[in-house]
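In what follows, a single structure is set out as structure tokens and then discussed.
The values are calculated or read from the model by the stated rules, or taken from the named source; none is laboratory data. All values derive from a computational prediction rather than experimental measurement. Here the Cβ positions follow ideal geometry from the backbone for every residue, glycine too, while neighbour counts run over all protein chains shown.
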Amino acid sequence: MTPAITLLKTHGIAHHVLSYAHDANAGSYGGEAAEQLGLDPAVVFKTLLASTEKHELLVAIVPVSGTLDLKALAEAAGCRKCEMAAVDAAQRATGYLVGGISPLGQKKKHRTFIDGSAQALPVMHVSAGRRGLEVALAPRDLAALTQAHVADIARP
């Protein structure tokens, strides 16, 4: 059990855990999850970490069918600019390995932003905290647990 799943259970949040055999040679962790689970890439979201000019880490949750718009994230966060966080910094701050970073149950609290496309979905899928493990839950529940801001931060 991962910290993400423990958090969901502790708070009594309705969710469903899905697993698949992770291929270490997969080019895209999120794309692999969508393909292996037979899901539309628009409902599978990747958890990315960005760093502001003041070195604050931000969590950005965007569909695997798109990319993170760093300018839009910076605007939503009220900072001048953002860049992708270094892999080691992301892993250290979250307690998860890249490819299995969940927005839930992270080691440290970070401001979190969910792309606005999630609002139209009854259920979205995010990493459950390990490569090959996804969790399905309502976007409103994810936003509540992470105290996330909803903003249009993804590009198709």
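Residue-wise test of (1) among the hydroxyl-bearing types (Ser, Thr, Tyr); (2) surrounded by 17 or more Cβ atoms within 10 Å (Cβ to Cβ).
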position: 5; (1), (2): no, yes
position: 12; (1), (2): no, no
position: 26; (1), (2): no, no
position: 29; (1), (2): yes, yes
position: 43; (1), (2): no, yes
position: 71; (1), (2): no, no
position: 102; (1), (2): yes, yes
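Scan the strands (runs of 3 or more DSSP E) fully inside the stretch 1-106 and keep the ones with 2 or more residues being within 27 Å of residue 122 (Cα to Cα).
Values: elements: 16-19, 45-52, 57-63, 82-84.
It comes to 16-19, 45-52, 57-63.
Evaluate the stretch 126-140: report whether one residue or more is among the hydroxyl-bearing types (Ser, Thr, Tyr), within 23 Å of residue 52 (Cα to Cα) and assigned to a strand (DSSP E or B). Spell out how you get there, then give the answer.
Here is the first cut: in the stretch 126-140, the residues among the hydroxyl-bearing types (Ser, Thr, Tyr) are 127.
This time we only want the ones that are within 23 Å of residue 52 (Cα to Cα), so: none.
Within the stretch 126-140 (the criterion being among the hydroxyl-bearing types (Ser, Thr, Tyr), within 23 Å of residue 52 (Cα to Cα) and assigned to a strand (DSSP E or B)), the answer is no, since none of the residues qualifies.
For the stretch 118-134, give me the residue count where each residue is over 11 Å from the mean Cα position of the chain (by Cα) and crowded, with 23+ Cβ neighbours inside 10 Å.
Looking only at the stretch 118-134, we keep the residues that are over 11 Å from the mean Cα position of the chain (by Cα), and these are 118-123, 130-133.
Add one more test, that the residue is crowded, with 23+ Cβ neighbours inside 10 Å, and what stays is 118.
Residues in the stretch 118-134 being over 11 Å from the mean Cα position of the chain (by Cα) and crowded, with 23+ Cβ neighbours inside 10 Å: 1 in total.
When you scan the stretch 135-156, how many residues do you find that are surrounded by fewer than 23 Cβ atoms within 10 Å (Cβ to Cβ), farther than 19 Å from residue 106 by Cα and either acidic (Asp, Glu) or touching a Ser or Thr at 6+ places or on another chain (Cβ under 9 Å) (or both)?
3
Just to verify a result, which residue in the stretch 138-156, among those that are out of contact with any Asp or Glu (no Cβ under 6 Å at 6 or more places or on another chain) and farther than 14 Å from residue 119 by Cβ, is modelled with the lowest pLDDT? Explain how you work it out, then say what you get.
Residues of the stretch 138-156 out of contact with any Asp or Glu (no Cβ under 6 Å at 6 or more places or on another chain): 138-152, 156.
Filter again for farther than 14 Å from residue 119 by Cβ, leaving 145-147, 156.
Values: 145: 97, 146: 97, 147: 97, 156: 88.
Only one residue tops the list, namely 156.
For the stretch 85-115, which positions are within 20 Å of residue 69 (Cα to Cα) and within 13 Å of the chain's Cα centre (by Cα)?
Once the filter is applied, which keeps residues that are within 20 Å of residue 69 (Cα to Cα) and within 13 Å of the chain's Cα centre (by Cα), the stretch 85-115 yields 90, 98, 99, 101, 102, 103, 110, 111, 112, 113, 114, 115.
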